[in-house]
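The values are calculated or read from the model by the stated rules, or taken from the named source; none is laboratory data. Worth saying up front: this structure is predicted, and the values here are computed from it rather than measured. Cβ sites come from the backbone with ideal geometry, for glycine too, and all protein chains shown count toward neighbours.
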There are 4 protein chains.
Amino acid sequence: MLDELKKIVFDGNIELVRRNLVIYTWGNVSGIDKESGLFAIKPSGVDYDTMKFDDMVVLDLEGNKKEGKYKPSSDTATHIELYKAFPEIGAVVHTHSSYAASWAQARKDIKAFGTTHADYFYGDIPCARALTKEEIESDYEKNTGLVIIETLKERKINPMDIPGIILSSHGPFAWGKDVHNAVHNAVVLEEVAKMAYRTIQINPDITRVEQYLLDKHYFRKHGKNSYYGQN
Amino acid sequence: MLDELKKIVFDGNIELVRRNLVIYTWGNVSGIDKESGLFAIKPSGVDYDTMKFDDMVVLDLEGNKKEGKYKPSSDTATHIELYKAFPEIGAVVHTHSSYAASWAQARKDIKAFGTTHADYFYGDIPCARALTKEEIESDYEKNTGLVIIETLKERKINPMDIPGIILSSHGPFAWGKDVHNAVHNAVVLEEVAKMAYRTIQINPDITRVEQYLLDKHYFRKHGKNSYYGQN
Amino acid sequence: MLDELKKIVFDGNIELVRRNLVIYTWGNVSGIDKESGLFAIKPSGVDYDTMKFDDMVVLDLEGNKKEGKYKPSSDTATHIELYKAFPEIGAVVHTHSSYAASWAQARKDIKAFGTTHADYFYGDIPCARALTKEEIESDYEKNTGLVIIETLKERKINPMDIPGIILSSHGPFAWGKDVHNAVHNAVVLEEVAKMAYRTIQINPDITRVEQYLLDKHYFRKHGKNSYYGQN
Amino acid sequence: MLDELKKIVFDGNIELVRRNLVIYTWGNVSGIDKESGLFAIKPSGVDYDTMKFDDMVVLDLEGNKKEGKYKPSSDTATHIELYKAFPEIGAVVHTHSSYAASWAQARKDIKAFGTTHADYFYGDIPCARALTKEEIESDYEKNTGLVIIETLKERKINPMDIPGIILSSHGPFAWGKDVHNAVHNAVVLEEVAKMAYRTIQINPDITRVEQYLLDKHYFRKHGKNSYYGQN
């Protein structure tokens, strides 16, 4: 069971490289096994070029290491908070993908400007507030998770409807029902960030799409009345 | 006959990936056989990486499936309206290519700023108006086709002279006399959208080219006095 | 002799594809044999993917075809004017490379903003004026060459010191002592156009570099006191 | 010993090509052997495509050639000044990477806008002042090094804390404890320059990150309390 999970999480990490979302060690993917409550995550600071599936680290949601010779990703505490707050999440992805990170550095929400966005994100992708000095100086990575949760709750966002966020002066987190889906959402987040960047350069006065277009495209692909794809 | 059509339509879909116009399932190509009135189109939501030529779906212009194990593209009704309105069209291409989609999201025409544009598009590439709430909530994909047709008619555009359009908050459609030509036009539309984006960043006051330059370049390549190429 | 010339010109054309300066048929390279006064050029509208070295067309400077089964590039008359006006030119390159074409569409000179530019172009890369209606409607391609020559003469530019130009609403021409050098200059022109684009986005008030920096970098690589490289 | 050094320096130069930081001859890497005081550097004007490890040139810090059939990089005197001023530096990298060079041409510091920057550069990446006419006309490359040193000293920057700089109207230099580290820093400098470019396009009013965020990210990866990675 753990070998299967480590294999899936390893493949998700490698997919980030293949999709040009990370260079060097700039990202991490984790995936959780709901039954056992254990999750696998990329080891800290290990280069993607030489990493092997068995280098993945397995932990429980208290952060105790269960398997693996390496220290887990330094962002592990952020992943844990997300798994604890949102049981429907099966995987978490963090990258510094360039357009999404630029929006994060600019401290602006990525507005829903079109149907590419609406097909995956049911509303603006929020830019979470900057952490305070206190939040940064103690338990930084845990507090990063708490600020994500705070943002989603304050804006009344169901995390499965908007499966990603950007963090002020940092970069994006995405998630999904499983590793495949979470990595897919991270790729889409970057594409949508790129289009939104160009959109406001062409027309700085453009506003978000009408709610009914957002509804149409999102529910064409999600929920019980969806008709996109083969199901 | 249908196998040949499915092969050509499949190749056109794959060419979109090879030219970096689509990722995942973000696009679709169809091609019509004029004699039988049947057309082949990409199946809905099937990934380009695993798709085979025999996965193409064949339909008639009333939307009845004639061959294929999958549901056709969710945008099929848009393709049908274009084939019904413009018998000279032999193929239709839809993508979310990044620069063209950004112009669409910005809700601005792509102006004819130079000869690259004029070689293929005899005037500005129009941005069709946004659909109304009513048009979106019933028969969305059919109404998308109708708004394309309305835009071309209102602007008195012959679809073979400007073989592409962008849809407000959505992305581009392109077409042509056959699949090869329609995909070519989709690639050029993206290149022209990219150049136009950079052009207005360098000089926001720039206006469209003079009519006589547009005439020269368009008719150098099209119509009875053309002298570009080997014919 | 002609086979050797055709081979070199063919390689130069293919190099444009390899360096991502052209797609489809959007460019052409010619090279001249000074002794015989004959030059080889890409055939018109032939796709780079299928083109063979023997498809190159050989002409004299009156435009008479000497060898080749195809019609020469539709831009042949522009090449001829440049060879006739500037005997020191051994090869001419035309592309629609994206950043240079965007500057051309914006109708702005590419200013000398730094040492990358100064290493190859001893001053601003001029944007030639738009052709008049009359110049476009008769002998368009020949008049394109004449406007390039007019621009260089008016600005007192030695074509070997600034081996490239952009044409209003069109794109770049570059040249050099031989095919290898002319293609190299076309690649550099695109890189310099890209950097200049980003430079003015970061700082719209930036001005061209000081003359003494331009002198230093240009003459470090060119002329009798050059000390760059192994000569 | 020298063969080992030449091999490492050669690999560093090739890595610049692999990471798309240089085309043609637009960059150079050197590495020093602290014990002997000898360093190896790329030869001047030799193309990356044909260069071999044995083409590297070995010199002492007075600029006397010890090994190699070629003339060393024309920027050798800049490298020498950096090695003499900062004994902790083990390697120096110069490129014309596109985004960093654009910031250099715009003559603006690359501000610390986020954690990607803070993970490697403990503060803004300075843009050194333009050289005077006198500095350019005599001992240009040596004076380039002196201006780098002057900038770091004036701003009280420890070169190991901010391992890179951009030079007005020119491009970036980066350095590090060894060749691998210096090339890594040059790649990151370009990525950070790209993100900063996009950040100010999205939000021109954005300011540098808070000092405590800079502290957190920099010291998470550097110094005695670091906890990133496996050490």
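A few remarks follow.
- Residues satisfying the stated conditions in segment A:195-207, i.e. in contact with a helix residue (DSSP H, G or I) (Cβ under 8 Å, 6 or more places away or on another chain) and not hydroxyl-bearing (Ser, Thr, Tyr): A:MET195, A:ALA196, A:ARG198, A:ILE200, A:GLN201, A:ILE202, A:ASN203, A:ILE206
- Filter result (of a type in the set (D, E, K, R), more than 14 Å from A:GLY31 (Cα to Cα) and touching a residue at least 24 places away in the same chain (Cβ under 8 Å)) within segment A:56-91: A:LYS66, A:GLU67, A:LYS71
- Segment B:136-152 residues that are farther than 16 Å from B:TYR83 by Cβ and modelled with pLDDT of 95 or more, paired with ones that are of a type in the set (Gly, Ala, Ser) and part of a helix (DSSP H, G or I) (beta carbon under 8 Å, 6 or more apart): B:ASP139/B:ALA77
Yes or no, residue by residue, for (1) in contact with an Asp or Glu (Cβ under 9 Å, 6 or more places away or on another chain); (2) assigned to a helix (DSSP H, G or I):
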site	(1), (2)
A:LYS142	yes, yes
A:LYS156	no, no
A:ASN185	no, yes
A:LYS194	no, yes
A:ILE200	no, yes
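- Segment D:105-121, residues that are among the charged types (D, E, K, R) and within 14 Å of chain C (Cβ to nearest Cβ): D:ARG107, D:LYS108, D:ASP109, D:LYS111
- Residue match in segment C:64-71 (condition: within 24 Å of C:LYS142 (Cβ to Cβ), in contact with a strand residue (DSSP E or B) (Cβ under 8 Å, 6 or more places away or on another chain), crowded, with 21+ Cβ neighbours inside 10 Å and not hydroxyl-bearing (Ser, Thr, Tyr)): no
- For D:ILE125: the one exception among (1) under 15 Å from D:ALA106 (Cβ atoms); (2) within 14 Å of chain A (Cβ to nearest Cβ); (3) β-branched (Val, Ile, Thr): (2)
- Subset of segment B:161-179 (residues that are touching a strand residue (DSSP E or B) at 6+ places or on another chain (Cβ under 8 Å) and either within 13 Å of chain C (Cβ to nearest Cβ) or closer than 18 Å to A:LYS194 by Cβ (or both)): B:ILE166, B:GLY171, B:PRO172
- Residues (buried (at least 24 other Cβ atoms within 10 Å of the Cβ) and more than 9 Å from chain D (Cβ to nearest Cβ)) located in segment C:186-209: C:ALA186, C:LEU189, C:VAL192, C:ALA193
- Residue tally, condition assigned to a helix (DSSP H, G or I) and of a type in the set (A, V, I, L, M, F, W, C), over segment A:88-102: 2
- The set of residues in segment B:37-63 being surrounded by fewer than 16 Cβ atoms within 10 Å (Cβ to Cβ) and under 21 Å from B:TYR140 (Cα atoms) consists of B:ASP60, B:LEU61, B:GLU62, B:GLY63.
- Residues within segment B:1-22 that are of a type in the set (A, V, I, L, M, F, W, C), under 20 Å from B:ALA101 (Cα atoms) and buried (at least 19 other Cβ atoms within 10 Å of the Cβ), tallied: 3
- Exactly one residue among D:TYR212, D:TYR227 is within 8 Å of chain A (Cβ to nearest Cβ), aromatic (Phe, Trp, Tyr) and in a helix (DSSP H, G or I), and that residue is D:TYR212.
- Looking across segment A:88-140 at every residue that is closer than 20 Å to A:GLU154 by Cβ and among the hydroxyl-bearing types (Ser, Thr, Tyr), the one that is surrounded by the fewest Cβ atoms within 10 Å (Cβ to Cβ) is identified as A:THR132.
- Any hit, segment D:8-31, residues being touching a strand residue (DSSP E or B) at 6+ places or on another chain (Cβ under 7 Å), in contact (Cβ under 8 Å) with a residue 12 or more places away in the chain and among the basic types (Lys, Arg): no
- Strands (runs of 3 or more DSSP E) (entirely within segment C:1-79) containing at least 1 residues that are more than 18 Å from the chain's Cα centre (by Cα) and farther than 17 Å from C:ASN185 by Cα: C:38-41, C:57-60, C:65-67
- Residue match in segment A:191-209 (condition: under 11 Å from the mean Cα position of the chain (by Cα) and closer than 23 Å to A:GLY31 by Cβ): no
- Selection over segment C:75-104 of residues that are farther than 30 Å from B:GLN201 by Cβ and within 14 Å of chain B (Cβ to nearest Cβ) gives a count of 2.
- The lone exception for A:THR76 - which of (1) touching a strand residue (DSSP E or B) at 6+ places or on another chain (Cβ under 8 Å); (2) among the hydroxyl-bearing types (Ser, Thr, Tyr); (3) surrounded by fewer than 19 Cβ atoms within 10 Å (Cβ to Cβ) it fails: (3)
- Qualifying positions in segment D:1-38 - among the basic types (Lys, Arg), within 14 Å of another protein chain (Cβ to nearest Cβ) and touching a helix residue (DSSP H, G or I) at 6+ places or on another chain (Cβ under 9 Å): D:ARG19
- Members of segment B:215-224 found to be in contact (Cβ under 8 Å) with a residue 40 or more places away in the chain and either exposed (fewer than 15 other Cβ atoms within 10 Å of the Cβ) or part of a loop (DSSP other than H, G, I, E, B) (or both), listed by number: B:HIS222
- Hey, C:ASP49 farther than 19 Å from B:GLY229 by Cα and charged (D, E, K, R) or not: no
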